[in-house]
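Q: This structure is in structure tokens; I'll ask about it shortly.
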Amino acid sequence: IWTSSYGAVSVDDICRSAGVKKGSFYHYFPSKQDLALATMEEYYEHKIEAVMKPVFAANKTFRTQIDDMVEAILRDNRDNLTHHGCVCGCPLAALGSEMVGQEEHAIRAKVEEIFLRCREFLVTAITRAVEAKEIKPVDPTAKAEEIHDFITGLMIMARIHNSLDGLERDLKSGMMRIL
């Protein structure tokens, strides 16, 4: 689904790729939507949260947190390019943007829920940075949303262009301009 699209991938395709029979799929997941929802949650827990907790550790300066976040995003995208042979971007953004006008409201809602959890890492970091006078006073929630949207946009464009050039060139400098 991530390297192609939700609409283009059937349960048969998923089963073929996973090397399982269709009955096995339906034993664990009532539908492709249920698989997508479970996979998004697992992606958050094992990929996003597992990386972001150490990146945004309270004992780091805000500058170090931002540097570490940029490096984590770039490293992940480079690894995916090497592994998949294409720029995959953010799987949540790719899936969520495909749901516009579709009946999979649960998928769109799950993407938004996870995006809110992702932004909370930034809200906390920005709040601490303002309190420590590392950055000028700002509305942490608004800034976190602006940064998150900026990153998501860069990752979507990287996927569209199948190139990490813009992400590598603009990620850190753009975030610093926003802040």
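The values are calculated or read from the model by the stated rules, or taken from the named source; none is laboratory data. In this text the structure is predicted, and so the values were computed from the model without any measurement. Cβ atoms come from the backbone with ideal geometry, glycine included; neighbour counts cover every protein chain shown. The accessibility values were calculated without ligands, DNA or RNA, using every heavy atom of the protein model including side chains. Shrake-Rupley method; radii C 1.70, N 1.55, O 1.52, S 1.80 Å.
Q: Quick one: what pairs do we get from the stretch 82-96, first residue over 18 Å from residue 110 (Cβ atoms), second surrounded by fewer than 17 Cβ atoms within 10 Å (Cβ to Cβ) and at pLDDT 90 or above, C-beta under 8 Å, 6+ apart or different chains?
A: 86/162; 87/81; 87/161; 87/162; 87/163; 88/81
Q: Look through 7, 23 and report the one residue that is surrounded by fewer than 17 Cβ atoms within 10 Å (Cβ to Cβ), farther than 29 Å from residue 122 by Cα and touching a residue at least 40 places away in the same chain (Cβ under 8 Å). Please lay out each step first, then the result.
A: On the way: 23 fails: touching a residue at least 40 places away in the same chain (Cβ under 8 Å).
Testing whether each residue is surrounded by fewer than 17 Cβ atoms within 10 Å (Cβ to Cβ), farther than 29 Å from residue 122 by Cα and touching a residue at least 40 places away in the same chain (Cβ under 8 Å) leaves just 7.
Q: Taking the condition of being more than 19 Å from residue 95 (Cβ to Cβ) and aromatic (Phe, Trp, Tyr), how many residues in the stretch 11-27 meet it?
A: 1
Q: Only residues that are of a type in the set (A, V, I, L, M, F, W, C), surrounded by fewer than 15 Cβ atoms within 10 Å (Cβ to Cβ) and assigned to a helix (DSSP H, G or I): list them for the stretch 50-84, please.
A: Selection gives 50 alone.
Q: Test residue 154 against the criterion of being open to solvent by 80 Å² or more (accessible area, probe 1.4 Å), among the aliphatic types (A, V, I, L, M), out of contact with any Lys or Arg (no Cβ under 9 Å at 6 or more places or on another chain) and under 29 Å from residue 38 (Cβ atoms), and give yes or no. So that I can check it myself, show each step before the final result.
A: On the way: open to solvent by 80 Å² or more (accessible area, probe 1.4 Å): no; among the aliphatic types (A, V, I, L, M): yes; out of contact with any Lys or Arg (no Cβ under 9 Å at 6 or more places or on another chain): yes; under 29 Å from residue 38 (Cβ atoms): yes.
Judged against the criteria, residue 154 is not a match.
Q: Give the stretch 125-152 a look and list any residue that's in contact (Cβ under 8 Å) with a residue 24 or more places away in the chain and under 11 Å from residue 62 (Cβ atoms), or say none. Spell out the reasoning first.
A: Taking the stretch 125-152 first, the residues in contact (Cβ under 8 Å) with a residue 24 or more places away in the chain are 125-126, 128-129, 132, 134-135, 138, 143-148, 150-152.
Those that are in contact (Cβ under 8 Å) with a residue 24 or more places away in the chain and under 11 Å from residue 62 (Cβ atoms): 125, 126, 128, 129, 132, 134, 135.
Q: Would you check if residue 145 is surrounded by fewer than 16 Cβ atoms within 10 Å (Cβ to Cβ) and part of a helix (DSSP H, G or I)? Spell out the reasoning first.
A: Working: surrounded by fewer than 16 Cβ atoms within 10 Å (Cβ to Cβ): no; part of a helix (DSSP H, G or I): yes.
In short, no.
Q: Spot the failing condition for residue 78; the list is (1) modelled with pLDDT of 95 or more; (2) under 22 Å from residue 36 (Cα atoms); (3) of a type in the set (D, E, K, R), and only one is missed.
A: (2)
Q: Given the residues 176, 99, 157, which is the only one that is on the phi < 0 side of the Ramachandran plot and in contact with a Gly (Cβ under 6 Å, 6 or more places away or on another chain)? Don't jump to the end; show me each part of the working.
A: Numbers: 176 fails: in contact with a Gly (Cβ under 6 Å, 6 or more places away or on another chain); 99 fails: in contact with a Gly (Cβ under 6 Å, 6 or more places away or on another chain).
157 is the lone residue from the list that is on the phi < 0 side of the Ramachandran plot and in contact with a Gly (Cβ under 6 Å, 6 or more places away or on another chain).
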